[in-house]
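Asks: Take this structure, written in structure tokens, and hold onto it; I'll ask about it next.
The values are calculated or read from the model by the stated rules, or taken from the named source; none is laboratory data. Note that the structure is predicted; figures quoted are calculated from it, not measured. Cβ sites come from the backbone with ideal geometry, for glycine too, and all protein chains shown count toward neighbours.
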Amino acid sequence: MEVAYTPGFIRMMKILPPDLQEEAIEKITLFKDSKNHSILKVHKLQGRLKNRLSFWVNYKTRIVFIYTSTKPKEAILLAIGDHDVYNK
């Protein structure tokens, strides 16, 4: 699977502590293989984020993304952070 990043995602990633950045990069690498989606707890979001999905970096940190409609098997990472990321 191909992964693209929004400018907002990149900005959020840069302000994370270095150890969390490394962990996020590891999880993004796992995410690229759909066989790992159950390990990462990929799930659909509800409410105002109903067209988006999320997966776990760790117990506290999540990555919000969408699948593109233009290319099959491509995801765009939108945001990273704790549960407050769902409010952005």
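Asks: Of all residues in region 8-17 being farther than 12 Å from THR61 by Cβ and either among the polar types (S, T, N, Q) or part of a helix (DSSP H, G or I) (or both), which is nearest to the chain's Cα centre (by Cα)?
Replies: PHE9
Asks: Which residue is nearest to THR6 (Cα to Cα), if the candidates are limited to region 50-73 and must be part of a strand (DSSP E or B) and of a type in the set (Ser, Thr, Tyr)?
Replies: Here the answer is TYR67.
Asks: Something else now. When the residues of region 18-39 are narrowed to those that are in a helix (DSSP H, G or I), in contact with a helix residue (DSSP H, G or I) (Cβ under 8 Å, 6 or more places away or on another chain) and not polar (S, T, N, Q), which ends up farthest from LYS71 (Cα to Cα)?
Replies: Only one residue tops the list, namely ALA24.
Asks: Spot the failing condition for ALA4; the list is (1) part of a strand (DSSP E or B); (2) closer than 13 Å to VAL85 by Cβ, and only one is missed.
Replies: Failing condition for ALA4: (2).
Asks: Now a separate question. Could you tell me which residue of region 30-60 is farthest from ILE76 (Cα to Cα), considering only residues that are aliphatic (A, V, I, L, M) and touching a Leu at 6+ places or on another chain (Cβ under 8 Å)?
Replies: The qualifying residue farthest from ILE76 (Cα to Cα) is ILE39.
Asks: Does ILE76 meet the test of being touching a residue at least 60 places away in the same chain (Cβ under 8 Å), outside any helix (DSSP H, G or I), in contact with a strand residue (DSSP E or B) (Cβ under 6 Å, 6 or more places away or on another chain) and surrounded by 12 or more Cβ atoms within 10 Å (Cβ to Cβ)?
Replies: Spelling it out, ILE76 is indeed touching a residue at least 60 places away in the same chain (Cβ under 8 Å), outside any helix (DSSP H, G or I), in contact with a strand residue (DSSP E or B) (Cβ under 6 Å, 6 or more places away or on another chain) and surrounded by 12 or more Cβ atoms within 10 Å (Cβ to Cβ).
Asks: Would you call ILE15 out of contact with any helix residue (DSSP H, G or I) (no Cβ under 6 Å at 6 or more places or on another chain) and surrounded by 11 or more Cβ atoms within 10 Å (Cβ to Cβ)?
Replies: Answer is no for this residue.
Asks: List every residue pair whose Cβ atoms sit under 6 Å apart, with the two residues 6 or more apart in sequence or on different chains, where the first one lies in region 34-52 and is surrounded by 14 or more Cβ atoms within 10 Å (Cβ to Cβ) and the second, anywhere, is at pLDDT below 95 and among the charged types (D, E, K, R).
Replies: Going by the 6 Å Cβ cut-off, the qualifying pairs are LEU45/ARG52.
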